[in-house]
Amino acid sequence: MKVFRQAKWGEPLVHEVSIYRKSGILLDDEFGEYGKKLLSKIQRVVREGNPPLPSLSEVEVVRHYLRLSQMAYGVDLGPVPLGSCTMKYNPKICEELASDRRIAEAHPYLDEEDVQGLLEVVYTLQKWLSEITGMDVCSIQTPAGAAGEFAGALMIRNYHIDRGESYRDEMVVPDSAHGSNPASAAMAGFKVVRIPTDPRGNTDLEALRAALSSRTAGMMLTNPNTLGLFEEHIVEIAKEVHGSGGLLYYDGANLNGILGYVRPGDMGFDVAHLNLHKTFAAPHGGGGPGAGAICCRGALTDYMPVPIVDYDGRKYYLRYDIPRTIGRISWFYGNIVPAIKSFLYIATLGPMIKEVAEVATLNTNYLLKKLETLPGVDLVYGHGRWRKHEFVISFEKLYKETGVNAEDVAKALLDRGIHAPTILFPLIVPEAHMVEVTETETKENLDRIVEAYREITHTAYRSPDEVKKAPQNTSVKRLDVVYGNLPKNIVLTYRQLEKRRRGE
Amino acid sequence: MRVGSASSSLTYFRVGIVVIGDYVPHPWIPNSYIKDVLMKELGISSVLDLFNDVPGELILKRDLNVGYGSPLAEYKLVRHFDEIMSKNRYFFKVPPFLGGGMCYHYVPAVIRHIANRSEFYTAYTPYQPEMSQGITQALFEYQSMMADLYGVDIVNASMYNGSTALAEAVRLSVRVTGRKHVVVSRSVHPELAEVVRTWSEPVGISIHRVGYDKETGQVDLAEVEDYLRKLKPAAVIVQTPNFFGIVEQELSRISDVAHESGSLMIVYQDPILLGVLEAPGKLGADIVVGDTSSVGSGLNFGGPTAGVLGIKDAEGRLLRQLPGRLIGYTKTLDGSEEGFIMVLQTREQHIRRERATSNITTNSSLEAIKSAVYLALLGSEGLRKLGEAIAGRTQYLLERLSEAGMVPAFERGVYLREVLLRHPDIARIRSYLKSQGVYIGPLVGRFYQDLSDCCLVCVTERHSREDIDVLVELIKQLLGGG
C-alpha cells in the first residue's frame, strides 16, 4: 500500500543555522568613505554596531528555505479543498509571464506614457470583470477581497450621507456569511444586524423583512452562500433591500460556482468585490498576497476609490477625478502581479470561462453525493438541493457516536496526503467540513478523497483512538493549540523563545 | 466548438430558452473531458439541471464577452502578452533615479528561486499547521527578524502593504487609547496619509496635519509638541527618512512628548536603512510600520509587497488589539516535538466577526517570506553595508550636485537615499533628463503646492558612480555649466 509521508527535516530556526558570521550578498565598495561621511552628519538616530540578524551564506539560506518549502503543502502537490477559498490550480504560463522584467522593474511613478502596456492590461481586466459581474465599472486597487468589502461598505456609507440619510447605520448580514463581512461593515462604522438561515439554506425572508428599516444602509450577501446553496429568493431580497432604501453588496468569494451563468449585477447587487486569487487563478502564496477587485453600478460609480485606469481613445491613463470618491484604499494601483495572472487566465479561457462553473459544480455535487452516505455524516441545510461551488457536511453524528470530531477527521485526511477542508465553519453547522474542490480536481482525485473519508469514518466506528492520534505522516504530529495560546506561553519571536528556553 | 480559428462543429444544448455554447474541454479543467461521466453519476442530462434553483430570468443567455473571442492556445497567449508588454518603456540608459516610497532596489535571484517554490506559492493560509510547518516557521522567522530590526517586541505575520499597515496602526492606536484625534506629519508620504484618511474617517477619527521645518525638512517640532499637548491625540505619525528623503533626528524627543500626553508614537520606516539607522523601537516608537518593497518584493508597478506592523508592548495592552495573523511557538500534544501555529485568532474576523480587530483575511505571507529570505541573506553586516552603500551614493550625489550649482530643497536637512531637488525649471530639467534616458521623480508639486519647483532623486545600491556622473553632467549641460 502506498503511504503518504511529508518531508520532516527537523530544520532549526534560521537564527540557529549558522555559527560563524557570513553573508549571502556581495556588495561593491565603490563609494568608500562617502557613506561614513554622510552618516556622521546624523545626530541621535544612527545605529551603533550591526543590526541583530542571523548571518548565513547563500547556500545555507537556500537549503534552509528549500527544506521549509518541503514542509509546506499547496495545490501543486495535491487537493486543497478548503471551502470558500477556491484553491484551484494556478496555470504555470500565468506565473511565468507575470514575472516578466517589464513588470518587475516598473516603478509606480513612471510616466503614464511609459507604462501603456501595463495600463492596458489593467484597463482590459477592469472591463472583463465588469462584464463578468454585470457592473458598470471595476477597480483592482483593493489588495484583497476584504479590502474590497471595506471599500464597498464605505461607498454605501457615503452614498447615504450624501443623500442626507446618515441615520442609515445598519448593515444586514446573514449568519452564514464569511466573518470578513461583518468585520468590514464594522470597520466602515456600521452596526451589524444578523439574519438567520432557513432550513432550505436560504436567508430567512421573514426575518429579513423584519430587520429592514429606515436605518438599513444595505445588506452584504454571498451568493451562492457558504453552504454552497444559491439564494433562491435573491430577486425578492433585492426588492426588499432596495425598497427599504438600502443597497445590496455582493461578496464575490463564492463566484466560482456560477461564473458566466449568473451575474451579481443581474441579480440586483449594486456593488461587488471579487477575489482574483480565488476565482481567477492567482495563487494564494501561503496566505497572500492576493488581489481584490471592487465593482459597482449606477449612482455608486461616483464613489469608486481612486485612481482607476481609463482610456481616452488614444492612451491609457490613471483617472483621479471621480466626483465623490471614497479616496485611496491603498497606495499606488493595487496588487498588479496577481492581477496580471488573472488577466492571463481570463484571456486564455475567453468565453469558455463558464466551463469553470459547470465543472466546479459537477465536481461539488459528485463528491457530495459520495460523501453524504458515509456513516456519521449529515447534511444540515437544503436537503435535496444541488450545491454550487462548495458544500458543508456535519460530523456531529460521528462525534456523538464515536467521539471523533470534525477536527480529528481533518487531521486524518492530512495523513492521507490530502489537505483538509475548512472546518468548523460556517458556524451554523456543528462539526462542519466545508468542502470546495473547484473545477481543477480530477475525478480520480475526487474518488481518492471519498476513499479517504470512507476509511476514516469506518475507522472511527471501529477504533476511534486511531483517528484521534492523527496526523502521524505530516512534518509534525498534532500540535497543541491550547498550549500555544495560553497567555503565559505566547511566544511570537525567536528572542522570546530564547528567554523561554532559558527559563525566564 | 471554438479554439482559435480551428473550425470544428459547434454544438449546443438547449434547455427552455437558454442556449449555451458547448466548448471543447480545456486542459486546466480536467473533468471537462468527462462531463458526461459526472452527469451520469448525478443522474442529470444537462449541467443546467444543477442550476434549477436559479430564477430563470437571472441565467445569462449568452457567453460572457471576455478574453479575445475564443480560448487562446498558450503560444498565442505568450505572443499576445508580449505585444502588450512591448508598449511599456523598460530599457533605460541608467537605472532610474525614481523614488517616492519605492526605489530601484535589487532583488537577488535567491529570493525569486525560493518564492517560486510551488509548495510555498500554491499553499493557503496555514489552517492545518501540521502540514504547513514550512510556512509557519518561515513566518515566525519573519516576525522575529523584523521585530529585532525595528526594536519592538512583536511584529505580525504581515499586512497588505505599508499603506494599509499604517492605516491599521492608526486604528489600533485609537482602540488602545480610546481617543479620536491623530496627528500626521505633512512629511509623511502623501499617498500613505491619504490611505490613513480613508480608513480612519468613517469611525470618527480626526486627522490633523503638522508641518515641516522649512530649513531642515524635518517635522516641525514646536508644532507637533503643541498639537500633542493641546489635542492629546491617540497617536502621532512620523516617517523617517520622510517623503523628502530627510532623516528625522528628533524621534526620541517627539516620543517623549507624545508619551507625556498619553499618546502613542507611530514611526513609518523603510526596513532597508535599518542597518545604519537606529531601530525606531529604541527611540520611543510604540508602533512601527514599514513595507517590504525594498527588501525582496521589488517594484511591480507598486505591488504586491508586504506591510510590516510591529508593537512594543510590555503590558500586553496593544497585543490584544493588534490586527492580522500571528504565528506562535507551540508543542505537539504528546510534548515530543516543537512547531508553529497561528495564535490569538480570537482577535480575527473569522471568529470575532464584527468585533474583530480588523477584517484582514488574506495578507501578504509570500512577500513577508521573501523579505525574511533577503534579510537572512544580507545578514547583520550585510544590511549595515547596504545602508552604507546607499548613504555613500547619497553623499556623492549631493556633492556632485552642489558642484553643478544645484542645492536640495532643505539645505540643513540630512538626506538619505532620496534627495529633494529644487529648481525653478525643475519640470524642464526632468523632461530633458528623460529624453536622455535618465529618469528622476516624482515631481512633488502633484502632492505639495508649496513644493511645485521640487523633484525627488533617489539612489540605491544599483547606481554606480558613472550613473550619478551622467545625471549630474546632463544637468550641467542643460543649465549651461556650473
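No value in this document is a laboratory result; all are computed from the given coordinates. It should be emphasised that the depicted structure is a prediction, and the values quoted were computed from it without experimental measurement. Using ideal geometry, Cβ is built from the backbone for each residue, glycine included, and neighbour counts are taken over all protein chains shown.
Principal-axis analysis of the Cα atoms of chain B puts helix B:365-403 at an angle of about 40° to the longest axis. Expressed to the nearest 5 percent, the antiparallel share of DSSP beta bridges inside chain A is 60 percent. Cβ distances below 4.7 Å define possible disulfide partners, and in chain A the cysteines left without one are A:CYS85, A:CYS94, A:CYS296. Relative to one another, the C-alpha centroids of segment B:100-174 and segment B:44-66 are positioned 42 Å apart. Here the convex hull built on the C-alpha positions of segment B:292-389 has a volume of 159 cubic angstrom per residue. Overall, segment B:85-148 carries a charge dipole of about 640 debye about its Cα centre when +1 sits on the Cβ of Lys and Arg and -1 on the Cβ of Asp and Glu, all other atoms neutral.
Among the DSSP helices (H) of chain A, none spans at least 30 angstrom by Cα along its long axis with an average Kyte-Doolittle hydropathy of -0.5 or more; this is a geometric and hydropathy rule only. Taking GluC sites (Glu not before Pro) that fall in a DSSP loop and have at most 12 other Cβ atoms within 10 Å as cut points, what is the longest piece of chain B between them? Of all site-free stretches, the longest is B:1-214.
Hey, how much of the P(r) for segment A:14-70 falls beyond 18 Å, as a percent of Cα pairs? Percent of Cα pairs beyond 18 Å in segment A:14-70: 54.
Looking at chain B alone, DSSP beta bridges between its own residues are antiparallel in about 65 percent of cases. Computed from the C-alpha gyration tensor, the three semi-axes of the ellipsoid equivalent to chain B are 45, 32, 23 Å, from longest to shortest. Extending 7 Å from Cα along the Cβ direction at A:ARG200 and again at A:VAL3 yields two label points whose distance is 5.0 nm.
Around A:GLU396, with a cut-off of 12 angstrom between Cβ atoms, what is the net charge of the other residues, counting Lys and Arg +1 and Asp and Glu -1? Spelling it out: positives minus negatives among the neighbours equals -1. Were the residues from B:SER431 through B:LYS282 laid out at 0.36 nm apart, the gain over their Cα-Cα distance would be 49.4 nm. Per residue of peptide A:359-368, the mean number of Cβ atoms on other chains within 10 Å of the residue Cβ is 5.
The orientation-averaged projection of the convex hull spanning the C-alpha atoms of the protein assembly as shown amounts to 38.0 square nanometres. In whole angstrom, how far apart do the alpha carbon centroids of segment B:237-255 and segment A:242-300 sit? Cα centres, segment B:237-255 to segment A:242-300: 40 Å. Taking 26 Å as the limit for the C-alpha separation, the pairs A:LYS278/A:LYS488; A:LYS88/B:LYS35; A:LYS2/A:LYS411; A:LYS191/A:LYS411 exceed it in the case of A:LYS278/A:LYS488; A:LYS191/A:LYS411. Relative to the longest principal axis of the Cα atoms of chain B, the long axis of helix B:426-435 makes an angle of roughly 50 degrees.
Take every pair of alpha-carbon atoms less than 8 Å apart whose residues are at least six positions apart; their mean separation over the length of chain B yields a relative contact order of 18 percent.
Segment B:407-461 and segment B:189-215 have Cα centres separated by 23 Å.
Using a simple spin-label model with pseudo-atoms 7 Å out from Cα toward Cβ, B:HIS259 and B:GLN477 lie 5.4 nm apart.
Restricting the calculation to Cα atoms, every distinct pair contributes to the Kirkwood radius of chain A, found to be 25.3 Å.
How much of the DSSP beta bridge set in segment B:109-374 is antiparallel, as a percent to the nearest 5? Roughly 50 percent of the beta bridges in segment B:109-374 run antiparallel, per DSSP. Relative to the longest principal axis of the Cα atoms of chain B, the long axis of helix B:465-479 lies at roughly 70 degrees.
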